[in-house]
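Have a look at the structure below, then the notes.
The values are calculated or read from the model by the stated rules, or taken from the named source; none is laboratory data. Computed from a prediction, not measured in an experiment: that's the story for all the values here. Cβ placement follows ideal geometry from the backbone for every residue including glycine, while neighbour counts extend to all protein chains displayed. Just so you know, the surface numbers come from the protein's heavy atoms only, side chains and all, with ligands and any DNA or RNA stripped out. Shrake-Rupley method; radii C 1.70, N 1.55, O 1.52, S 1.80 Å.
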Amino acid sequence: ITAGVMVWMLYVPEEGQSPYVMETWIPFQTQWDFPQTQYDAAMRISCHMKGIDARSVSARKMMVRVVLNIAGEAMEPTQAEWYQCADVPEDVHILKNNYPLRLPIEAGEKTLTLDEELTYNGGAGQLSQVLYCTLRPELTDQKVMADKVVYRGIARAEMLCRCAEGTLESCEYEIPFSQYGELEREYDGHATSDVLPVVTNLEVDVQDNGTLRLKAGLVGQYVIYDTAIVDVVTDAYSNRRAVTLQRNELKLPAVLEIKQEVLPVESADESLPDETLDMRMLLQHPSLSRIGDGWLMEIPGSFQLLGRDDNDNLVSSHIRWENKRDILSDTKASVIVRSSQKGKLKKMGSNLAGEITVDMTITTETDIPMIESLELGELQPADPAGPSLILRRAGKDNLWELAKKSGSTPERIQSINQLED
């Protein structure tokens, strides 16, 4: 993974002077080691800024440190084989089972460019400079339409600006976006999508007429899920010959549940300044730990606040918060979780509050028993001593098991006993 972080550092050079801003681009590379792949794999990457701080090391230099939290998913196409019986003699009875499974079918990404002219809405003065800006894409709708994945949402641009009078003002914009991507095949109405939007670049400039020009790149990383009916042979027998079964298991990555929750986060600090210029949320990826029959999900993060104290000095506050949530799941299930900020932050006195969206995908590797092959013995004459009628008390056996034990067929037992199912 090759990427970078755009950093703005707001500082006051000397007492009484107006604040200035320095900016820098910090590139980075990181990698994960995966098992050897047989096909081209797709990936989904999301990056959260866990922490950032800066300090001056000389009159002309600053040291800045950024701590990132990166989550990645690697998805590789795979093939699964299961077997059907053909040209089976009439005396051999076959049991088939149907398994409707939700499976990940394909993955990819689609890029999108935003180019918007925005009217300054931060304050009454005239805009002179954008000190820093962030962009957060939030999805409002996504769907699969035949051979296309379609998604739309709002890109929230949050800026701190300087007016011509020297005052600092924060402003926010909601920029709608929509995009579609071509899929490898056509789907019916049961397919669903899971799109992860991320920002790839961002530029904001002040135009001569006082408006803002925002250019940004987004990429929607998607996974398509669909329901497949897996029809496998699970048993066979004959009343007139020996049947040897070669058994195997079909392993498939089934999806048990896909859900989204909105969780509140809040924290309090009595030392917060009364005048607030800007508020931001730093968010980490959730961590999971096994507890009993489920998982404990922990989502830590922090609020960053810029304001002025009683002496009109710029002050910043850093307040930690943490949210915990229990997730019930099968002991063999795996959980993929990601989080993102939702909406705006709110300050009420000494309390800071916001919301995060948590997307959870619970999966498991199914082990479906199946018959891989049949070996049939020589056909024998019907047994003349076989009983024509068997009376027994109904127990836990189903029709197939009763028929197999008694040398009959499920259809005959159902008909003779006038069973509806």
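Quick notes
- Computed over the chain with a Gaussian network model linking Cα atoms closer than 10 Å, the most mobile of Cys85, Cys133, Cys161 is Cys85.
- Residues in the range 387-393 carry Karplus couplings, in order, of x, 8, 9, 10, 10, 7, 6 Hz; the curve used is 6.51 cos²θ - 1.76 cosθ + 1.60 with θ = phi - 60°, and Gly or Pro positions show x.
- Between Thr364 and Lys396, the modelled label-to-label distance comes to 2.0 nm, taking each label 7 Å out from Cα in the direction of the beta carbon.
- Whole-Å distance, taken between Cα centres, linking the range 211-247 and the range 7-65: 40 Å
- Taking all protein chains into account, the per residue accessible area for the range 215-268 stands at 45 Å² (1.4 Å probe).
- Surface analysis of the range 100-169 yields an accessible area of 47 Å² per residue, using protein heavy atoms and a 1.4 Å probe.
- Solvent exposure of the range 329-421 amounts to 68 Å² per residue of accessible area, where only protein heavy atoms count and the probe is 1.4 Å.
- Lys/Arg +1, Asp/Glu -1 at C-beta; the chain dipole; positive extreme among Gly294, Gln142, Val233: Gly294
- Karplus 3J(HN,Hα) series, Hz, for the range 263-270 with 6.51 cos²θ - 1.76 cosθ + 1.60 (x for Gly, Pro): 10, x, 9, 7, 7, 9, 8, 5
- Accessible area of the range 223-330 belonging to carbon and sulfur atoms, whole % at 1.4 Å probe: 44 percent
- Computed per residue of the chain from DSSP H runs no shorter than four, each worth -39500 (n - 2.57), the mean residue ellipticity at 222 nm is -1000 deg cm²/dmol.
- Neighbour-limited loop hits for GluC sites (Glu not before Pro), the range 359-421 (at most 14 other Cβ within 10 Å; DSSP other than H, G, I, E, B): Glu378, Glu420
- The trypsin sites (Lys or Arg not before Pro) of the range 282-349 that meet both conditions, a loop assignment by DSSP and at most 16 other Cβ atoms within 10 Å of the site Cβ, are Lys332.
- Surface composition of the range 372-420: carbon and sulfur atoms hold 50% of the protein heavy-atom accessible area at a 1.4 Å probe.
- Pairs exceeding a 32 Å alpha-carbon distance, out of Lys96/Lys148; Lys61/Lys344; Lys259/Lys346; Lys110/Lys347; Lys50/Lys251: Lys96/Lys148; Lys61/Lys344; Lys110/Lys347; Lys50/Lys251.
- Note, ³J(HN,Hα) from phi for the range 55-68, Karplus 6.51, -1.76, 1.60, rounded to Hz, x at Gly and Pro: 8, 8, 9, 6, 5, 10, 9, 10, 9, 10, 10, 10, 10, 10
- With all protein chains in place and a 1.4 Å probe, the accessible surface of the range 22-164 carries 47 percent carbon and sulfur.
- Selected from Met348, Met75, Met281 as most flexible by GNM, with the chain as the system and alpha-carbon contacts under 10 Å: Met348
- Percent of Cα pairs exceeding the 35 Å cut-off, where the set is the chain: 48 percent
- Loop-located GluC sites (Glu not before Pro) across the range 81-113 with a Cβ neighbour count of 13 or fewer within 10 Å are Glu81, Glu90, with loop assigned by DSSP.
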